[in-house]
Amino acid sequence: ANGYYYSRWNKCIHSSRDFSDMVFIDNYIFNKDVYIQFNSTVGEYVGYTEHGVYNARNWNNDPNILQQERAELERYCKHNAELYQSAIADKT
């Protein structure tokens, strides 16, 4: 119970069947508070604490990190959503 809590959650959100409104969100969480977040709509990291702002500034200045994170929308979100949607559609 005593100690620190760190997690990283990423999620893909969409409501259209063609995934045109899909958004990829990558949250970095410390002690249950998001301290830095990448949102594919924004296209860069946003810090919510002093440490998060510091990391966001560094990561946003690294084109390799940004390119990799921006690619997750296609690589991770849309790819998996297509698999899930076809699996569900084939069952009906």
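The values are calculated or read from the model by the stated rules, or taken from the named source; none is laboratory data. The structure presented is a predicted model; accordingly, all values stated were derived computationally and were not measured. No Cβ is skipped: glycine too gets one built from the backbone with ideal geometry, and neighbour counts run over all protein chains shown. Heads up: the accessible areas ignore ligands, DNA and RNA and are worked out on the full protein's heavy atoms, side chains in. Shrake-Rupley method; radii C 1.70, N 1.55, O 1.52, S 1.80 Å.
Would you please list the contacts, defined by Cβ atoms under 9 Å and residues six or more apart or on different chains, that run from a residue in segment 63-74 that is within 13 Å of Tyr45 (Cβ to Cβ) to a residue that is part of a helix (DSSP H, G or I) and open to solvent by less than 50 Å² (accessible area, probe 1.4 Å)? So the pair list comes out as Leu66/Asn60. Is it true that Ile29 is hydrophobic (A, V, I, L, M, F, W, C), touching a Gly at 6+ places or on another chain (Cβ under 9 Å) and under 19 Å from Lys11 (Cβ atoms)? Judged against the criteria, Ile29 is not a match.
Here Ser15 passes the criteria (1) within 23 Å of Cys77 (Cβ to Cβ); (2) modelled with pLDDT of 95 or more except the one numbered (2).
Within segment 67-87, none of the residues are under 24 Å from Tyr6 (Cα atoms) and in contact with a Leu (Cβ under 7 Å, 6 or more places away or on another chain). Restricting attention to segment 10-44, the residues that are charged (D, E, K, R), open to solvent by 20 Å² or more (accessible area, probe 1.4 Å) and either closer than 25 Å to Tyr84 by Cα or outside any strand (DSSP E or B) (or both) total 5.
How about segment 56-82: which of its residues are hydrophobic (A, V, I, L, M, F, W, C) and surrounded by fewer than 16 Cβ atoms within 10 Å (Cβ to Cβ)? First the steps, then the outcome.
Residues of segment 56-82 that are hydrophobic (A, V, I, L, M, F, W, C), as a first pass: 56, 59, 65-66, 71, 73, 77, 81.
Hits for segment 56-82 are Ile65, Ala71, Ala81.
Among the residues making up segment 45-92, those that are at pLDDT below 95, farther than 22 Å from Asp21 by Cβ and assigned to a helix (DSSP H, G or I) are Asp90, Lys91.
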